[in-house]
Amino acid sequence: FKKLNIWLKDPIPNTSIVLFRICFALVLLIQTYYFIKNGFIEKNIIKPLILFPFIEGLHPMSKMNLIILGYVMLISNIGMLINKISRISTLVFLLSFTYFWILDKGYFNNHYYFISLICFLLVLVDKKSSFKKIICVPRFSLFALQAMIFIVYFVSGVNKLNPYWLFDLQPMTHILEVKAQLTNNFLFKERWVVIFGVYFGLLFDLFIGFLLFIKRTRVLAFILVFFFNI
């Protein structure tokens with residue numbers, strides 16, 4: 001434990017954290033723009049007569065305030081790209097985005113709490129940001145982000161170790177059937193495609209975190225992550 005403690009406290013350049021935050025902010029910027037363009041807030045929060053909030057008694061703001069908050073999220077995503085205001089911008093986005101997804105359980109997605117958790121960690125660890133000069137932070141600052149991504153993948157893999165996923169091939173079969181109808185590409189309904197998707201998804205989630213941690217396999221792991229999510 002002493003060695004682990006020393007290792008976690010070792011100073012390292014924060015370049016990886018800054019680069020991660022910028023890439024993460026760009027993805028969030030695209031997502032927020034998509035929400036605004038497609039009227040996600042109006043369709044899913046404003047129009048429904050009944051909402052099922054995670055916190056009892058939590059009610060949405062007025063229509064105008066909700067729409068304004070959507071644009072606040074967009075501006076905060078842009079702010080996350082700027083080193084000097086990235087931390088406060090991340091905090092603003094964290095509070096705004098988390099507020100939206102706790103308003104209704106029906107629209108909950110496991111990616112949502114992941115985004116909130118990563119933003120929370122960035123507020124804590126990304127205290128100083130710069131590409132112009134080397135700023136060192138404890139290794140724990142980077143490790144916390146790496147560990148969170150590892151946990152999300154690994155827990156997702158463990159959750160797939162059940163008969164519904166392994167033997168019934170669900171919900172992958174249903175998802176691909178819908179995709180086949182939408183695209184008129186019936187390759188998605190081929191049994192070997194379904195089986196490949198089920199078991200490759202399982203193995204990917206269980207082992208990709210380890211491959212990302214090991215230096216020798218990291219480049220391959222990044223390539224796999226990129227194409228898997230595409």
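Of the helices (runs of 4 or more DSSP H) lying entirely inside segment 42-134, those containing at least 2 residues that are without any contact (Cβ under 8 Å) to a residue 40 or more places away in the chain, within 16 Å of R21 (Cβ to Cβ) and among the β-branched types (V, I, T) span 86-101.
Given F213, F150, F143, which one is in contact (Cβ under 8 Å) with a residue 12 or more places away in the chain and open to solvent by 70 Å² or more (accessible area, probe 1.4 Å)? Step through it out loud before you land on a result.
Details: F150 fails: open to solvent by 70 Å² or more (accessible area, probe 1.4 Å); F143 fails: open to solvent by 70 Å² or more (accessible area, probe 1.4 Å).
The match here is F213.
Being surrounded by fewer than 18 Cβ atoms within 10 Å (Cβ to Cβ) and under 26 Å from F213 (Cα atoms) narrows it down to one residue among L58, L19, L66; which is it?
Numbers: L58 fails: under 26 Å from F213 (Cα atoms); L66 fails: under 26 Å from F213 (Cα atoms).
Sole residue among the options that is surrounded by fewer than 18 Cβ atoms within 10 Å (Cβ to Cβ) and under 26 Å from F213 (Cα atoms): L19.
For segment 14-62, a tally of residues being in contact with a strand residue (DSSP E or B) (Cβ under 8 Å, 6 or more places away or on another chain) and at pLDDT 90 or above returns 1.
How many residues does segment 172-210 contain that are open to solvent by less than 50 Å² (accessible area, probe 1.4 Å) and not small (G, A, S)?
Going through segment 172-210, the residues open to solvent by less than 50 Å² (accessible area, probe 1.4 Å) turn out to be 172-173, 176, 180, 193-194, 197-198, 201-202, 204-206, 208-209.
From the residues that got through so far, the ones that are not small (G, A, S) too are 172-173, 176, 193-194, 198, 202, 204-206, 208.
Here the count works out to 11.
In the set (1) of a type outside the set (V, I, T); (2) under 29 Å from L19 (Cα atoms); (3) open to solvent by less than 40 Å² (accessible area, probe 1.4 Å); (4) touching a residue at least 40 places away in the same chain (Cβ under 8 Å), the condition left unmet by P138 is number (3). Filter segment 79-98 down to the residues that are more than 15 Å from the chain's Cα centre (by Cα) and either aliphatic (A, V, I, L, M) or open to solvent by 40 Å² or more (accessible area, probe 1.4 Å) (or both) and list them by number. Within segment 79-98, M80, L81, I82, N83, K84, I85, R87, I88, L91, V92, L95 qualify. Taking residues in segment 171-190 that are among the polar types (S, T, N, Q), and partners anywhere that are open to solvent by less than 80 Å² (accessible area, probe 1.4 Å) and part of a helix (DSSP H, G or I), the pairs with Cβ atoms closer than 8 Å and at least 6 places apart or on different chains are T173/V194. Please find, within segment 32-55, the residue that is farthest from T90 (Cα to Cα) out of those that are surrounded by fewer than 11 Cβ atoms within 10 Å (Cβ to Cβ) and basic (K, R). Top of the filtered list is K47.
The values are calculated or read from the model by the stated rules, or taken from the named source; none is laboratory data. All values derive from a computational prediction rather than experimental measurement. Counting neighbours? That spans all protein chains shown, and the Cβs are built from the backbone with ideal geometry, glycine included. Protein only, heavy atoms only, side chains kept; ligands, DNA and RNA dropped before computing areas. Shrake-Rupley method; radii C 1.70, N 1.55, O 1.52, S 1.80 Å.
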